[in-house]
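Enquirer: Okay, handing you the structure first.
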Amino acid sequence: MPPTNGLNPTLFHRHPSNPILSSADWPYRCNTVFNAGATLLADGTTLLLCRVEDRRGHSHFCVARSTNGIDDWNIDTEPTLLPDPENYNEEYWGIEDPRITWVPELRKFAIVYTSYSQAGPSVALALTEDFKTFERRGEIMPPENKDAALLPRRIGENWALMHRPVSSADFDAHVWISYSPDLRHWGSHKIVLHARKGPWWDANKIGLSPPPIETERGWLVIYHGVRQSGAGCLYRLGLALLDLQTPEKCLLRGETWVFGPEEDYEREGDVGNVVFPCGTTIGTDGDTIHLYYGAADTCIALATGSVQELLDWLERNGVPDGDDS
């Protein structure tokens with residue numbers, strides 16, 4: 001049995017129905033379904049904006065809805081949002097890994113996603129009120145950049161975007177934050193979380209997973225770390241807490257991973273040994289977190305936890321982030 005207290009408690013509990021969605025559930029032919037953004041609609045319906053990879057290897061988005069967020073999914077019979085390379089060249093090879101943020105000021109959902117161009121992956125933005133029509137804003141961060149999400153409110157006078165750029169001059173991939181007055185022009189770029197060095201589970205390459213969750217203690221961040229091994233990459237999840245009013249300041253960061261691939265559907269697939277969440281929802285109790293994650297780049301699974309328990313774990317085990325860790 002895994003430990004239930006101390007440094008390595010079980011913070012996320014896999015749902016017994018996992019995986020909850022796969023290509024076998026889809027109303028049209030596709031290769032895999034994974035890495036879904038998530039949100040709750042006004043009527044309490046769970047909406048997943050799923051990444052669907054076709055048999056060319058190109059991805060698009062398709063909506064799945066459920067009254068309980070677990071089963072009886074109502075899936076759009078056709079792709080919900082397709083790449084539009086004629087008008088947005090950055091989508092030439094598809095669109096991937098959406099993160100959804102409800103933005104009260106705009107009264108719209110902001111979808112930040114990876115657009116895959118011939119120059120590499122970049123960050124793009126679209127707005128929607130109903131997940132039927134979309135206002136594309138196009139590329140907002142140039143290649144190579146991905147794993148991005150918008151905070152739901154302005155920080156001071158500016159919007160804030162977390163993202164993960166990579167440059168040829170820096171083999172490390174850190175999580176950054178950037179600010180914008182208008183969702184178009186971005187600046188004040190700062191590193192939020194450093195990829196550690198050496199043998200750490202999150203050395204050299206990390207990235208934001210779901211959009212940060214606003215709590216009284218700070219912005220709760222679930223991020224992924226990539227361990228390079230002789231057998232390939234291993235994707236696992238860690239926790240961090242950012243300052244509410246100055247989110248580029250990391251208050252606490254866990255030193256150990258808290259969720260990693262263990263089950264067969266997480267270890268075996270198109271890309272084995274991957275758990276990769278792009279979305280969460282919070283239950284009516286204000287505490288239960290539903291974590292929707294891609295498993296082995298092949299299907300979608302669900303794990304549940306407690307926001308309070310995640311914060312308490314960080315209080316006990318977290319340390320301030322630094323680039324010399």
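Enquirer: Quick one: order Arg51, Arg227, Arg29 by neighbouring beta-carbon count within 10 Å, fewest to most.
Expert: Final ranking by Cβ density, sparse to dense: Arg29, Arg227, Arg51.
Enquirer: So what is the 222 nm mean residue ellipticity for the chain from helices alone, if each DSSP H run of at least 4 adds -39500 (n - 2.57) and you divide by all residues, rounding to the nearest 500 deg cm²/dmol?
Expert: On the way: 2 runs with 15 residues, N = 325.
When only DSSP H runs of four or more count, the value is -1000 deg cm²/dmol.
Enquirer: Which entries of Lys108/Lys132; Lys132/Lys190; Lys108/Lys205; Lys132/Lys205 show an alpha-carbon separation above 24 angstrom in the structure shown? Walk me through the numbers on the way to the answer.
Expert: Working: Lys108/Lys132 12 Å; Lys132/Lys190 35 Å; Lys108/Lys205 32 Å; Lys132/Lys205 35 Å.
Going by Cα-Cα distance, Lys132/Lys190; Lys108/Lys205; Lys132/Lys205 fall outside the 24 Å limit.
Enquirer: Enumerate the whole-percent occupancy of each 10 Å bin, from 0 to the last occupied one, for all C-alpha pair distances of the chain.
Expert: 6, 28, 39, 23, 4, 0
Enquirer: To continue, here is another question. With point charges of +1 on the Cβ of Lys and Arg and -1 on the Cβ of Asp and Glu, referenced to the Cα centre of the chain, which listed residue (Ala119, Gly286, Pro85) lies farthest in the positive direction of the dipole?
Expert: Ala119
Enquirer: Can you give me the C-alpha center-to-center distance between region 297-318 and region 236-282, rounded to a whole angstrom?
Expert: 8
Enquirer: Quick one: compute the contact order of the chain, relative version, from alpha carbon pairs under 8 angstrom and 6+ residues apart, as a percent.
Expert: Working: 885 pairs, mean separation 51.9, N = 325.
Relative CO of the chain lands at 16 percent.
Enquirer: Dipole magnitude of the chain about its Cα centre, charges +1 at Lys/Arg Cβ and -1 at Asp/Glu Cβ only, in debye to the nearest 20?
Expert: On the way: 28 positive and 46 negative charges, 78 e Å.
Computed charge dipole of the chain: roughly 380 debye.
Enquirer: If neighbour count is taken as other Cβ atoms inside 10 Å, put Glu96, Glu144 in order from fewest to most.
Expert: Starting with the residue having the fewest Cβ neighbours, the order is Glu144, Glu96.
Since every read-out is calculated from the coordinates, none of them should be taken as a lab result. All values derive from a computational prediction rather than experimental measurement. Every residue, glycine as well, gets a Cβ built from its backbone with ideal geometry; the counts of neighbours run over all protein chains shown.
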